[in-house]
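Taking it in order: structure first as structure tokens, then the write-up.
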Amino acid sequence: MPGKEFLTTSDINVIVTAILIGTFARIITLKEDFRQYPSYPNGYLIHLITGFVAASLGAVALPALLSKNFIAVTFLTLAIQQFRDVRKMEKESLIDLEETEFTYRGKAYIDGISKTFEARNYFSLVVALVTSITIKLVPVKGWLDIIIGIAVGLLLLFLLVRISKGKTIGDIAQVKAGKIEVKGSELFVEGMFITNQLGSDLAQKLFKDEGMAVVIYPNEDHFRINLENYGQRQAALFEATRSLGLKRFHYTRRDFEDGKVVVALVPIKKDMDALIEVVKKCPLLESVKKPNSVMKTNLRGR
Amino acid sequence: MGRESKVSPKYDILAVVTLNKDRVLSGKPLTLLAQNEEEQKEMTDDIAKALKAEIVRMKTNDFLIIRE
């Protein structure tokens, strides 16, 4: 058909392969881990679709350029806007859920989670873009160029996942079980005053029999800046209540003398090992200002 | 404490249950006078259960019923 230009089979191969690898990048970064997020099944579909769109934008960028369609590349700005919308959507969604959780995630944690969701869409875009560039650039033809493109895309994905992996509380602190004492209506953990809200006999008995507490000891003095941050402590408390449930009472307190942080609660499931593990694996929030040594990322992973 | 007081939970005092009539003052919060310690505990427990609130026993032996 004169005046019309169709994609060649080669271009279709490039685009389809890049879209698949880009979408795959989103699928494997969309994990349900011990922290249980995304916690809602429909969230999977939403993020898979947005990941697919991100991969598509990355995949068609190079073929568009090669066909001298320079204006078409401006749709990458659309991608940036779309990813920002993903972040906004995630943030709004988590804020809406705040009232229904055992405790608040807190704004700092929500900000970190929504940033992560935005970043994972960039993974899809970048992986798809690099895959398509590689397939176009390698001097071999046939299936070999596609295989090399897939390999480079997967390698990039591996590196991106490693680089973007944050640190956790367990990386900068020791988390140990805390000894609970109830003196009258006051609660102490490892000798540290926590609250005087145990005014009724029932509350005192409940905490004595079923209460649990962990103490976080920073490895270095400057890690106190992270650990004593209210948003960080709230995130640790949220993860604890999310994993073990909550009957009543939940507290985080910090000791100004030696920098230890206490997380105390009456959980539904009484499992001290799980509590220690979940607090250890609570992510360090990006919004908390950190010393350089904490921000340093190891490319080979932890 | 920094700005923590602005972001951490804020409590309202819903009621005070005391044994000392000199501490029963008008205004908010509701202040109730109990005749003896047993009655004071019962009153406090009943109000706290009904309002799903927490109880604080002060060193003066007055009870505060508070809620976020």
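The values are calculated or read from the model by the stated rules, or taken from the named source; none is laboratory data. Quantities reported herein were computed from a predicted structural model and do not represent experimental measurements. Backbone-built Cβ (ideal geometry, glycine too); neighbour counts: all protein chains shown. All accessible areas refer to the heavy atoms of the entire protein, side chains included, with ligands and DNA or RNA removed. Shrake-Rupley method; radii C 1.70, N 1.55, O 1.52, S 1.80 Å.
Brief remarks on what is shown
- Entries in A:LYS68/A:LYS115; A:LYS247/B:LYS52; A:LYS107/A:LYS269; B:LYS28/B:LYS52; A:LYS179/A:LYS270 that, when Cα-Cα distance is taken, lie over 24 Å: A:LYS68/A:LYS115; A:LYS107/A:LYS269
- Accessible surface, per residue, of the stretch A:94-220 when the full set of protein chains is kept, probe 1.4 Å, Å²: 47
- Local electrostatic count, B:LEU51, Cβ distance below 12 Å [Lys/Arg +1, Asp/Glu -1]: -2
- Note on A:224-231: average number of Cβ atoms from other chains within 10 Å of each residue's Cβ is 2.
- The stretch A:94-111 - phi-based ³J(HN,Hα) in whole Hz, Karplus 6.51/-1.76/1.60, Gly and Pro as x: 5, 5, 4, 7, 3, 5, 9, 7, 4, 9, 6, 5, x, 5, 5, 5, 4, 4
- Selection of trypsin sites (Lys or Arg not before Pro), the stretch A:177-222, meeting DSSP coil and at most 14 other Cβ within 10 Å: A:LYS179
- For the residues of A:20-29, the average number of beta carbons from a partner chain within 10 Å of their own beta carbon is 0.
- Neighbouring Cβ atoms from other chains, within 10 Å of the Cβ of residues in A:187-200, number 3 on average.
- Prolate/oblate/rounded label for the stretch B:11-67 (Cα gyration tensor, a/c 1.5): oblate
- For the stretch A:152-259, the list of chymotrypsin sites (Phe, Trp or Tyr not before Pro) that fall in a loop by DSSP and count at most 12 other C-beta atoms within 10 angstrom reads A:PHE256.
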